[in-house]
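**Student:** Attaching a single structure in structure tokens format; questions to follow.
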Amino acid sequence: MTTEQRTKPKWTWWVMVVLAGLIGIYGVGFAFGGAEAFYEGRDLPLGLDVSIVALSFHAVVGGLALLTGPFQFLERIRTARPKLHRGLGRLHVAAALGTGLSGFFVAGFAEGGLTGRLGFAALGALTTTCGLVGLRLALGRRFDDHRVWMMRSFALLLAAVSLRLQIPALFALLDGDETMVFAVVGWSCWVPNLLVVEWMIRRRPAPVIVV
């Protein structure tokens, strides 16, 4: 493989950048303009104000994690600009951990009944776990293992993209039953992502970045 081939991003990276970027920007905008409307008229165990703050924080840090994540997979940045890679990495991991922890919290009053809430809670817990493991491996200079865990982490973060792609189709398939839609998407937005990235990791003899 030539140097040019190693450093030129694949088309899949550009798709990831566009989708993650759009949803990331949407998430930040939602925090400032949509969180209150999202909970309007609902009976919330912690009250409206706490719920809005929690969801807004989740949307902002989730958007930041999506916007910074794709650039962590660029070899040209890792090799030619290691300080930039580390700086973006610290920001990304902090945002990913904030996303996971806040996601676990807001899952307690998510749509979809108990099934949906369990799915979103599992997503939050796994996102937090992958971020913490990836950070520990980077600090231990086990960079190959670090990259593998950050691939898992970002696959889980991309649940925000999967969710928004799936919801319109699920509403059509489930006759607009909102509870059923969120019960399904609470799992379907992240389980396939994780299965795909595990396949990508295990099909190679050594962990490599996929762009």
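The values are calculated or read from the model by the stated rules, or taken from the named source; none is laboratory data. Quick caveat, the model's predicted, so the values are computed rather than measured. Because the Cβ atoms are built from the backbone with ideal geometry, glycine has one as well, and the counts that use them run over all protein chains shown.
**Student:** What do you reckon, is L132 aliphatic (A, V, I, L, M) and either farther than 17 Å from L157 by Cβ or buried (at least 18 other Cβ atoms within 10 Å of the Cβ) (or both)?
**Tutor:** On the way: aliphatic (A, V, I, L, M): yes; either farther than 17 Å from L157 by Cβ or buried (at least 18 other Cβ atoms within 10 Å of the Cβ) (or both): no.
No: the conditions fail for L132.
**Student:** Let me ask something additional. Suppose we filter the stretch 103-126 for residues that are out of contact with any Phe, Trp or Tyr (no Cβ under 7 Å at 6 or more places or on another chain) and under 20 Å from V53 (Cα atoms); how many remain? Let's see the steps before the verdict.
**Tutor:** Narrowing the stretch 103-126 to residues out of contact with any Phe, Trp or Tyr (no Cβ under 7 Å at 6 or more places or on another chain): 104-106, 108-109, 113-115, 117-118, 120, 122, 126.
Imposing the further condition that a residue be under 20 Å from V53 (Cα atoms) reduces the set to 104-106, 108-109, 117, 120.
Qualifying residue count, the stretch 103-126: 7.
**Student:** If I go through the stretch 186-211 residue by residue, how many of them are at pLDDT below 95 and in contact with a Gly (Cβ under 9 Å, 6 or more places away or on another chain)?
**Tutor:** Going through the stretch 186-211 one residue at a time, the tally reaches 0.
**Student:** Between a residue in the stretch 158-179 that is without any contact (Cβ under 8 Å) to a residue 12 or more places away in the chain and any residue that is β-branched (V, I, T), which pairs come within a Cβ distance under 8 Å, given they are 6 or more apart or on different chains?
**Tutor:** Here the result reads F171/V181; L174/V181; L174/V184, each pair linking the stretch 158-179 to a residue that is β-branched (V, I, T).
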